[in-house]
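Undergrad: Shown below is the structure under consideration.
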Amino acid sequence: TTAWFEWGTTKSFGAETTHVNVGAGIGSATLAATISGLTYPGTYYYRTVAQSAAGTSKGITRTIRTVAPPT
C-alpha cells in the first residue's frame, strides 16, 4: 500500500506529496510529510489517500489556516 497527502488552496487540491510505502495487510500506519511554500493569510485543504491492489481510499477533506507570524 502506498499513501500520500493531497493538498491545495481549493477542494480540488492540485498538489500532492511523495507517495510512501506504508506496508501491507490490515491495520493502521503512520504517514508524515513536509510541505513548503504556504502563504499567509491562507486557507489550505488536505486529505490522505491510500492505494493498493484492492483500490484507492480517500480520507476526509480537512482545512488548515495560516496566519502571519507574531511581530
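The values are calculated or read from the model by the stated rules, or taken from the named source; none is laboratory data. This one's a predicted model, so the numbers in the text were calculated from it and none came from an experiment. For neighbour counting, all protein chains shown are included, and Cβ atoms are generated from backbone atoms with ideal geometry for every residue, glycine included. Surface areas here come from the heavy atoms of the whole protein model, side chains and all, with no ligands, DNA or RNA. Shrake-Rupley method; radii C 1.70, N 1.55, O 1.52, S 1.80 Å.
Undergrad: Anything in the range 35-57 that is free of Cβ contacts under 8 Å to residues at least 12 places away in the same chain and either within 15 Å of Ala15 (Cα to Cα) or open to solvent by 80 Å² or more (accessible area, probe 1.4 Å) (or both)? List them, or say none.
TA: Within the range 35-57, the subset free of Cβ contacts under 8 Å to residues at least 12 places away in the same chain is 36-37, 53-57.
Those that are free of Cβ contacts under 8 Å to residues at least 12 places away in the same chain and either within 15 Å of Ala15 (Cα to Cα) or open to solvent by 80 Å² or more (accessible area, probe 1.4 Å) (or both): Ser36, Gly37, Ala53, Ala54.
Undergrad: Those residues that are among the β-branched types (Val, Ile, Thr) and at pLDDT 90 or above, I need them from the range 2-29; list them, please. Spell out the reasoning first.
TA: Filtering the range 2-29 down to residues among the β-branched types (Val, Ile, Thr) leaves 2, 9-10, 17-18, 20, 22, 26.
Answer for the range 2-29, where residues must be among the β-branched types (Val, Ile, Thr) and at pLDDT 90 or above: Thr2, Thr9, Thr10, Thr17, Thr18, Val20, Val22.
Undergrad: Restricting the search to the range 28-71, which residues are outside any loop (DSSP other than H, G, I, E, B) and β-branched (Val, Ile, Thr)?
TA: Filtering the range 28-71 down to residues outside any loop (DSSP other than H, G, I, E, B) leaves 42-52, 55-58, 62-66.
Correct list: Thr43, Thr48, Val49, Thr56, Thr63, Ile64, Thr66.
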